[in-house]
Structures are given as C-alpha cells and as structure tokens.
1. Between residues in the range 39-66 that are part of a strand (DSSP E or B) and residues that are aliphatic (A, V, I, L, M) and modelled with pLDDT of 85 or more, which pairs lie under 6 Å by C-beta distance while being six or more apart or on different chains?
2. Any residue in the range 16-35 that is over 13 Å from Ile50 (Cβ atoms) sitting within a Cβ distance under 8 Å of a residue that is surrounded by 12 or more Cβ atoms within 10 Å (Cβ to Cβ) and β-branched (Val, Ile, Thr)? List the pairs, counting only those 6 or more apart or interchain.
Amino acid sequence: MTDRPAGDFLTVDEVARLRQITPAAVRAQLRAGTLPGEQVLQGQRTVWRIPASAVRRPEGEPARRPAPNPAPPAQPVRPSPAPTARVEALEAEVRRLRRQLAALSDAHRRLLDTVTAGLADDRV
C-alpha cells in the first residue's frame with residue numbers, strides 16, 4: 001500500500017487517501033483506538049502519527065472496494081427511552097415560557113387595540 005519502510009509513519013490525510021475515507025473518519029478511528037497512532041507536537045500544534053504498518057494490506061488480500069449502500073434496517077425503530085428528569089424540567093420550562101409569551105402577546109394586542117381606538121376617537 002505504501003513504499004515507506006516499516007518504521008515510518010503516515011499522516012491523517014495520507015491514511016484517508018489510502019483508505020478512501022475522510023480525514024475526520026481517520027481521526028475518529030484513532031480516538032476510538034481502532035487504528036493505532038500517537039499524537040505528537042509539531043511546531044505549535046498536535047498531529048497524529050500513524051504507523052505505516054498499521055495501514056498496509058496483508059499480502060494476498062484484495063484491494064478494498066467501497067461498500068454498497070446498506071439496506072434499510074429490517075427491525076422497526078424502537079421508541080426513545082423515557083425522558084430524564086433534566087429533559088422533563090426543560091420541557092416544563094418551555095411550557096412556562098410559552099404561556100408567558102402568550103400572555104405578553106395578548107397584553108400587547110389589547111394595548112394596540114386601546115391606542116388605535118383612541119386615535120379613531122381623536123379623528124371624529
């Protein structure tokens with residue numbers, strides 16, 4: 001897969017090109033530990049170094065082809081679990097704020113009605 005010696009390292013971008021995936025996917029694999037690598041300081045920023053041997057294809061293994069689009073899941077989607085206390089508290093706060101907004105909107109409408117009625121009385 002690469003012409004480098006076994007002790008060499010690859011960058012995230014190089015691995016992404018070789019595996020035909022995005023650099024973000026490579027970083028996710030590194031963070032998850034499914035791809036070996038180490039972070040090193042390069043100048044003032046930290047970069048990943050991935051051992052070239054971890055990216056090489058074993059001899060005789062065919063080149064990886066992109067996977068076809070997966071079929072939709074055969075199982076029905078499960079309902080979400082019961083809301084947590086924090087979610088319930090936030091929903092209650094939203095309901096309270098909506099009631100407050102409705103009351104303010106109603107007060108604003110009555111004020112506008114009063115002002116426009118007073119303007120109509122002044123014209124007569």
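1. Trp48/Val12; Trp48/Leu30; Arg49/Val40; Ile50/Leu10; Ile50/Val15
2. none
The values are calculated or read from the model by the stated rules, or taken from the named source; none is laboratory data. Values in this document were obtained by computation on a predicted structure and should not be read as measured data. Cβ coordinates were reconstructed from backbone atoms using ideal geometry, including for glycine residues, and neighbour counts include every protein chain displayed.
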